[in-house]
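A.B. asks: I have a structure here, written as C-alpha cells, and I will follow up with some questions on it.
The values are calculated or read from the model by the stated rules, or taken from the named source; none is laboratory data. Note that the coordinates shown come from a computational prediction; the quantities given were computed from them, not determined experimentally. Don't worry about glycine lacking a Cβ; one is built from the backbone with ideal geometry, like all the others, and counts go over all protein chains shown. What goes into the accessible areas is simple: the full protein's heavy atoms, side chains included, and nothing from ligands, DNA or RNA. Shrake-Rupley method; radii C 1.70, N 1.55, O 1.52, S 1.80 Å.
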Amino acid sequence: PHQPALLWRAMPLLALLLLAHGGLSVMGRWLDQLPAYRAFALAWDRAEAEILQARARGDASVTIPADPNPAGVNVLNDNPRFWVNECYSQYYQIPVFGRDPAKE
C-alpha cells in the first residue's frame, strides 16, 4: 500500500524534472542557432542600407544578395511577381530583387 502513495507524491517532482529537461534542451538548441541569426541580422542591416541608399538616389530598382535565412523562409529572387519581392518592394517603395550570392 505504501508504493502507490509514494509514487503519487513523486509525480509532481517527476513532472517538474521532465519539464525542466525539455526547457533546457530547447534553450540549448536555440543558443546553438544564435550565431546564425546574428550573422543573418548583420547581413540584413547591410542589405537594408543598400535598399535605402538606392531609393534615396532615385534608382529604378535595387538588387541585393538573397542570403538564405535561418528560419528557412523564402528569399528574394529576380522575379518581380514573386510574393517576397512584391512585399519588399511595397514596403521600401522601390522594386527590390535578389541575386544568388553563390552565383557571384
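A.B. asks: Using Cα pairs under 8 angstrom and six or more residues apart, how large is the relative contact order of the chain, in percent?
C.D. replies: 22
A.B. asks: How much of the accessible area of the chain, in percent, comes from carbon and sulfur atoms when a 1.4 Å probe is used?
C.D. replies: The nonpolar share, carbon plus sulfur, comes to 63 percent.
A.B. asks: What whole number of Å gives the distance from the Cα centroid of the stretch 24-44 to the Cα centroid of the stretch 46-67?
C.D. replies: Their Cα centres are 26 Å away from one another.
A.B. asks: Continuing with the same structure: For residue 93, what is the net charge nearby, where nearby means another residue's Cβ is under 15 Å from its Cβ and Lys, Arg count +1, Asp, Glu -1?
C.D. replies: Combined, the nearby Lys, Arg, Asp and Glu give -2.
A.B. asks: Separation between the residue 10 and residue 77 pseudo-spin-labels, each 7 Å from Cα along Cα→Cβ, expressed in nm?
C.D. replies: Reported label-point gap for residue 10 and residue 77 is 5.7 nm.
A.B. asks: What percentage of all Cα-Cα pairs in the chain are separated by more than 16 Å?
C.D. replies: Considering the chain, 69 percent of its Cα-Cα pairs are separated by more than 16 Å.
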